[in-house]
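Just so it is clear, none of the values below were taken in a lab; they were calculated from the coordinates. As the structure is a prediction and not an experimental result, all values here were calculated from the model. FYI the Cβ positions are ideal-geometry reconstructions off the backbone, even for glycines, and counts take in every protein chain you see.
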Amino acid sequence: MLRLQDTMTGEKRPLETQEENLAKVYICGPTVYDYAHLGHARCFIVYDVLVRHLRASGMAVEYVRNITDVNDKILGRAIENGETPTELAERMTEAFWEDMKRLRNLKPDTEPKVSEHIDGIVSMIETLIEKEHAYEADGDVYFAVRSMEGYGKLSRRQLDDNEAGASGRLDEEHAKRKKDPADFALWKGNPEDEWGWQSPWGYGRPGWHIECSVMSTQHLGETLDLHGGGLDLVFPHHENEIAQSECATGCTFSNHWMHNGFVEVNKEKMGKSLGNFFTARELFEKHEPEGIRLWTMTVHYRSPLNLDWEEGETPADNRFPSLEEAERRVAYLYATRERLGAIPPKRLIDGGEPPADKLSGFPAALKAALDDDLNMPKGLAAMQEFLKEVNELCDRAQGKKGRVAKKAIAAAHAGFVALDAELGLGGQDPSAFLTRVRDRRAKAAGVLPADVEQKIADRVAARQNKDFEAADAIRNELAAKGVELHDGPEGTTWTMG
Ligand SMILES: [Zn+2]
């Protein structure tokens with residue numbers, strides 16, 4: 001059974017769902033004013049693995065992740081760009097979906113957009129006003145935090161801690177309308193020539209937090225089994241979602257709270273103003289997205305994840321050793337899968353020894369690692385043992401008169417199926433993956449694939465003429481450039497060392 005750290009109780013405890021075998025999961029999605037950065041990539045991979053793991057364990061999951069397409073940042077950026085906020089939000093939503101797909105994140109079952117839930121937002125605000133948890137002030141509506149007993153229970157904050165933070169973020173004109181500095185906006189009035197919607201309190205836009213209370217209730221019901229997001233959302237976003245939802249419905253908002261850690265660059269906070277900020281697609285230029293995916297799994301999801309960065313003269317010269325290493329690990333995974341697939345059927349026998357534990361026990365080992373608060377680094381360690389074992393199996397099959405048991409091969413295949421189902425690793429076409437990695441490395445080393453193919457052809461010709469000296473010279477010339485040749489029954493292939 002899956003045990004997860006719960007931010008609300010501060011304890012690791014079983015994920016108990018309301019309905020047996022169904023998990024209702026809501027994850028706070030992106031604000032679509034710019035491309036997804038590395039922090040987004042990490043966050044959404046974490047919850048993708050959660051959902052995959054639940055499904056692999058036989059559970060049905062209703063997975064909802066919203067798109068925040070109404071927000072002041074979107075308006076600000078759209079004005080800078082000279083486009084409408086809707087155009088910008090749509091463009092960035094498409095880009096986000098593309099990036100998530102390349103990272104091999106499953107599409108959520110529902111991806112509600114704020115712009116399509118304004119009616120629901122208005123009606124929840126009306127309920128909160130009726131129940132005297134919110135008040136109207138000059139075209140704005142605020143949530144009265146002191147009307148709720150237990151406000152601050154998720155972040156363990158006292159109300160007095162909030163005041164400075166909350167009032168600092170709002171512009172002064174709006175802040176003056178609040179009865180208490182700790183109150184937060186549910187609706188903000190704005191001039192009719194600005195982006196907005198009509199409401200019972202006049203023209204305006206919703207505050208930031210109300211959207212998730214409304215969309216989660218509408219798509220999953222009043223009580224969620226699990227709500228998740230980045231650590232930065234604990235306060236104020238999730239705290240305020242709890243306040244709105246629990247005061248509106250009278251029900252517990254979520255039975256479990258999950259938060260993932262930040263991404264750092266060279267052990268410092270990543271930020272645009274700090275000049276150490278990377279979008280996912282910028283890194284896709286240099287590394288396979290699946291390498292980036294594996295890299296995010298190398299530390300526990302609650303710990304900070306550090307990207308080491310060797311800054312080059314130009315962005316093209318930037319190096320990321322931890323991403324290089326992660327990509328090598330994914331390449332090893334695909335090379336192993338390719339070797340397994342290449343074992344000729346005539347080498348397989350019925351019966352034989354039972355498969356090694358590290359082979360047949362891998363799916364269970366991976367499941368056990370993930371059941372323990374989604375321990376992905378432990379899962380990767382089990383994967384490494386498994387791959388080593390598969391390679392040994394391939395070595396045996398390739399040896400002279402080598403024979404391997406069919407059930408060992410079946411166990412190896414089952415391991416790869418589990419790996420893709422649980423972690424979303426290794427599910428692409430191996431040869432296409434390996435060729436892309438090879439060609440990208442070749443390009444970086446100034447090697448043209450067409451030239452290598454030509455040299456291979458020249459070498460074949462030299463060997464046919466029994467000019468072994470010339471053939472060896474070609475091999476050495478290529479090796480000096482990092483090109484390794486592999487002679488096999490079906491000709492010569494090459495990799496970049
Ligand atoms: Zn949210």
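If you take every residue apart from L423 with its C-beta less than 13 Å away from the C-beta of L423, what net charge results, scoring Lys and Arg +1 and Asp and Glu -1? Kindly include the intermediate steps, with their values, before the conclusion.
Working: positive: R52, R55, R104, R293, R329, K367, K378; negative: D48, E290, D420, E422.
That sum, taken over residues with Cβ under 13 Å, equals +3.
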Item to complete: Could you pull out every one of the aspartates and glutamates with an alpha carbon less than 17 Å from that of K367, ignoring same-chain neighbours closer than 8 positions?
Response: D48, D357, E385, D420, E422
Worksheet, complete the sentence: Most packed first (mean Cβ within 10 Å per residue), the peptides 239-251, 122-134 order as 239-251, 122-134
Worksheet item: What's the long-distance tail for the stretch 106-221, i.e. % of Cα pairs beyond 17 Å?
Response: 58
Worksheet item: Once phi is turned into θ = phi - 60°, what whole-Hz ³J(HN,Hα) does the Karplus curve with 6.51, -1.76 and 1.60 give for every residue of the stretch 285-296, x standing for Gly and Pro?
Response: 5, 9, 9, 4, x, 5, x, 5, 4, 5, 4, 5
Worksheet, complete the sentence: Computed over all unlike Cα pairs, the Kirkwood hydrodynamic radius of the chain in Å stands at 25.7
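Around L233, with a cut-off of 10 angstrom between Cβ atoms, what is the net charge of the other residues, counting Lys and Arg +1 and Asp and Glu -1? Spell out each step's value before the answer.
Working: positive: none; negative: D232, E239, E241.
Every neighbour counted, the sum reads -3.
Under the classification rounded if a/c is under 1.5, otherwise prolate if a/b is larger than b/c and oblate if not, where does the stretch 178-260 fall, given a ≥ b ≥ c as square roots of the Cα gyration tensor eigenvalues?
Working: a/c = 2.01, a/b = 1.75, b/c = 1.14.
Because a/c hits 1.5 or more and a/b exceeds b/c, the stretch 178-260 counts as prolate.
Holding the Cα-Cα limit at 22 Å, pick out from K24/K378; K24/K188; K346/K406; K12/K269; K101/K267 the pairs that are longer than that. Display every interim value, and only then the final one.
Details: K24/K378 26 Å; K24/K188 31 Å; K346/K406 11 Å; K12/K269 27 Å; K101/K267 28 Å.
The answer is K24/K378; K24/K188; K12/K269; K101/K267.
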Response to the item:
Most packed first (mean Cβ within 10 Å per residue), the peptides 481-489, 344-352, 412-420 order as 412-420, 481-489, 344-352
Practice prompt. Check cross-link reach from K466 to the lysines: straight Cα distance under 27 Å, and skip same-chain residues fewer than eight apart.
Written response: K400, K455, K481
Worksheet item: What is the distance in Å between the Cα centres of the stretch 139-157 and the stretch 425-497?
Response: 65
Worksheet item: So which aspartates and glutamates can K401 reach, going by Cα to Cα under 20 Å and dropping same-chain residues fewer than 8 places off?
Response: D350, E353, E389, E392, D487, E490
Discussion item. Angle check, please: helix 430-444 long axis (alpha carbons) against the longest principal axis of the chain (alpha carbons), in degrees 0 to 90, nearest 10.
Written reply: 90
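What is the diffusion coefficient of the stretch 1-132 in µm²/s, taking the Kirkwood radius over Cα pairs and the Stokes-Einstein relation at 10 °C with a viscosity of 1.306 mPa s? Provide the component values of the computation, followed by the final result.
Values: Rh = 16.9 Å.
Rounded to a whole number, D works out at 94 µm²/s.
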Fill in: On Cα atoms only, tilt of 468-480 relative to the major axis of the chain in degrees
20
Worksheet item: If you count, for each residue, the other Cβ atoms within 10 Å and average over each peptide, how do 298-307, 99-108 line up from highest to lowest?
Response: 99-108, 298-307
Worksheet entry | Net charge contributed by nearby residues that have their C-beta within less than 12 Å of T217 (K/R +1, D/E -1) | -3
Worksheet item: Where the Cα atoms of the stretch 3-261 are projected onto their three principal axes, how long is each span, largest first, in whole Å?
Response: 52, 45, 30
